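What follows is a single structure, written as C-alpha cells, with notes after it.
Every read-out reported here was derived from the displayed coordinates using simple, explicitly stated rules and does not represent laboratory data. Just so we're clear, the structure is a prediction, and the values are computed from it rather than from any experiment. In this analysis, Cβ positions are derived from the backbone assuming ideal geometry, glycine residues included, and neighbour counts consider all displayed protein chains.
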Amino acid sequence: MSSKTRAQQLARVIPSDPMRVILDADEITRGLRRIAGEIAERHPNLEKLVLIGIRRGGVALSRSLARWLAELEGKTVPVGTVDITLYRDDAATALPNPRIGPSEIPCSLDGKHVILIDDVLYTRRTVRAAIDAVLDYGRPQNIELFALIDRAGRQLPIQPDYRVKRLEDVGTDERVDVFEKDGQLVVAVQAATAPSLPPPHC
C-alpha cells in the first residue's frame, strides 16, 4: 500500500478538526435569556437576590445574567465575584504558589438569595469551595447554582438549579473550554492535551 493511499484512509478515520463546538454565541445568548426568565419566575421582584460569579469563568456569565434580568424586569441585581483558591480541598498540595484573585461581594449576604454562577460543572469540587467561601461573607437564606455547561462526572452530590446545556458524551480524555472573543462566548470540546485555543471561526 502506498503512503498516499494510507494517508487517505487515515483521513477518513481521523477527523481533520478534533474540536467540537457545543454552543455558539447565539445559542449561549438565547440560553442566558431563558435562564434569566426562570430566575425571575422563582424570585418575584428579584427581592434579596445576589449573583456571585466564581472566578474566573463565572464572572462574565454573572454580568450577562444581570443584564438580562435588568432588561426583563427593569431592576438591577447586585453582582459579585468569589475566588475559591484557598478553599480548594487540594490547596495545600496542588497549589504551592497560589495566585489569588480578589473576591468582591457587593453587600452583606445575610438573609439573601444567592445564585452561584460557573461556566462548566464537572467534579463539583469548585462549587463546594465556592459555597465555603460565600459563607464567610454571611448566612444567606439559600444558595442556588447556575452552570452554562453541566458535564457528567460529578464527584460530589451537587446539582445545578439552572443550566443551559447538559453534556453526557464527553470522554475523560477530553475537556470543555469556554472561549470569549469580542464580548461573545463559545463552548467547545477538545482533547485534554490540546492547546487552549478558540475555534478558528470564534
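Report the net charge of residues surrounding GLY31, where surrounding means a beta-carbon distance below 9 angstrom and charges are Lys +1, Arg +1, Asp -1, Glu -1. Charge balance near GLY31 sits at +4.
Starting from one equal scatterer on each C-alpha and no solvent at all, send me the Debye-based log10 I(q)/I(0) for segment 22-144 at q = 0.11, 0.20, 0.22 Å⁻¹, two decimals. The computed values of log10 I(q)/I(0) come out as -0.38, -1.14, -1.30. Per-residue packing, averaged as other Cβ atoms within 10 Å, sorts the ranges 76-86, 182-192 into the order 76-86, 182-192, beginning with the highest. What fraction of the Cα pairs in segment 107-202, stated in percent, has a spacing above 22 angstrom? Value for segment 107-202: 38 percent of Cα pairs lie more than 22 Å apart.
Among the trypsin sites (Lys or Arg not before Pro) found in segment 124-179, those both in a DSSP coil and sparsely packed, with 16 or fewer other Cβ atoms within 10 Å of their Cβ, are ARG154. The GluC sites (Glu not before Pro) of segment 135-202 meeting both criteria, a DSSP state outside H, G, I, E and B (loop) and at most 16 other C-beta atoms within 10 angstrom of the site's C-beta, are GLU168.
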